[in-house]
Amino acid sequence: PKCLNFYPQELAWQLDLTRKDIRRNEKVFRLHNFLQTETVSGNISRQEAVSMLPPLVLDVKSHHKCIDLCASPGSKTAQIIEALHSDETVKIPTGFVIANDIDNKRCYMLVHQAKRLNSPNIIVSNADASRYPNLFDKDGKIIKYDRILADVPCTGDGTLRKNIEIWKKWTQANAIGLHGVQFRIA
């Protein structure tokens, strides 16, 4: 494992192994079991290193009201939850994160992620991010978010290095076709 220096408190590590290597290589069988057990228990989250950057840039504090508009599968949301709970002087943060996704099935992944992290500071919603409704606080005022994350739908061409199959399916028309929804979400 290699420590990712950009992540605070040495809490991010990277393995130079593919998912296939970890699953099928008997030499790392115990590592595979360890990663599965720790992921299920909520002690670790696994994601691409580049995906860790947006939540870090948000600089979430325990009092922030956050929304993750295109949240599934929830790894960035998990980072936001960790940031909300990072101040050890605050027992239960006053801030929260709303994890939203338009796809109902993907929302189940968000619920699973939320259960795994065992935080009272997350709400999962199932709405179109381009037309997300106003939410109101207990005094009837529209909630204004301190932090907004929108990892909008894309063609996935940023993952070409690890998923060669994308080359076969990628088209310029598909990429241009997503621009409208990306713009509406922004």
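The values are calculated or read from the model by the stated rules, or taken from the named source; none is laboratory data. The model shown is predicted, which means the values in this text are computed figures rather than measured ones. In this analysis, Cβ positions are derived from the backbone assuming ideal geometry, glycine residues included, and neighbour counts consider all displayed protein chains. Keep in mind that these areas ignore ligands, DNA and RNA; they rest on the heavy atoms of the full protein, side chains included. Shrake-Rupley method; radii C 1.70, N 1.55, O 1.52, S 1.80 Å.
For A78, the criteria (1) free of Cβ contacts under 8 Å to residues at least 60 places away in the same chain; (2) open to solvent by 70 Å² or more (accessible area, probe 1.4 Å) hold in every case but one, which is (2). For the residues A150, A186, the requirement of being of a type in the set (A, V, I, L, M, F, W, C), modelled with pLDDT of 90 or more and open to solvent by 60 Å² or more (accessible area, probe 1.4 Å) singles out A186. For segment 1-14, a residue qualifies if it is in a helix (DSSP H, G or I) and open to solvent by less than 80 Å² (accessible area, probe 1.4 Å), and exactly one does: P8. Do we have any residue at all in segment 144-152 that's under 20 Å from L58 (Cβ atoms), free of Cβ contacts under 8 Å to residues at least 40 places away in the same chain and either touching a strand residue (DSSP E or B) at 6+ places or on another chain (Cβ under 7 Å) or of a type in the set (A, V, I, L, M) (or both)? The answer is no; no qualifying residue exists. Summed over segment 41-63, residues that are under 10 Å from A83 (Cα atoms), part of a loop (DSSP other than H, G, I, E, B) and open to solvent by less than 60 Å² (accessible area, probe 1.4 Å) total 2. Scanning segment 153-163 for residues that are surrounded by fewer than 16 Cβ atoms within 10 Å (Cβ to Cβ) and modelled with pLDDT of 80 or more gives P153, C154. For beta carbons closer than 8 Å, sequence separation of 6+ or different chains, a first residue in segment 165-186 that is outside any loop (DSSP other than H, G, I, E, B) and a second that is open to solvent by 100 Å² or more (accessible area, probe 1.4 Å), the qualifying pairs are R184/R131.
Annotation: of all residues in segment 23-82 being touching a Leu at 6+ places or on another chain (Cβ under 7 Å) and small (G, A, S), the one that is nearest to K115 (Cα to Cα) is G42. Under 15 Å from the mean Cα position of the chain (by Cα), closer than 28 Å to A49 by Cβ and among the small types (G, A, S): does that describe A71? Considered against the rule, which asks whether it is under 15 Å from the mean Cα position of the chain (by Cα), closer than 28 Å to A49 by Cβ and among the small types (G, A, S), A71 comes out as yes. Number of residues in segment 64-75 that are over 20 Å from L135 (Cα atoms) and either hydroxyl-bearing (S, T, Y) or surrounded by fewer than 24 Cβ atoms within 10 Å (Cβ to Cβ) (or both) equals 3. The residues in segment 88-105 that are over 21 Å from I148 (Cβ atoms) and open to solvent by less than 80 Å² (accessible area, probe 1.4 Å) can be counted, and the count is 1.
Condition test on A83, is it small (G, A, S), buried (at least 19 other Cβ atoms within 10 Å of the Cβ) and assigned to a helix (DSSP H, G or I)? Give the steps one after another, and end with the answer.
Numbers: small (G, A, S): yes; buried (at least 19 other Cβ atoms within 10 Å of the Cβ): yes; assigned to a helix (DSSP H, G or I): yes.
Spelling it out, A83 is indeed small (G, A, S), buried (at least 19 other Cβ atoms within 10 Å of the Cβ) and assigned to a helix (DSSP H, G or I).
Taken residue by residue, segment 113-127 has at least one member that is free of Cβ contacts under 8 Å to residues at least 12 places away in the same chain, in contact with a Gly (Cβ under 9 Å, 6 or more places away or on another chain) and open to solvent by 30 Å² or more (accessible area, probe 1.4 Å). The set of residues in segment 128-143 being surrounded by fewer than 13 Cβ atoms within 10 Å (Cβ to Cβ) and not in a loop (DSSP other than H, G, I, E, B) consists of R131, F136, I142. Residue count for segment 15-40 under the criterion of being loosely packed, with under 13 Cβ neighbours inside 10 Å and closer than 23 Å to G158 by Cα: the result is 4.
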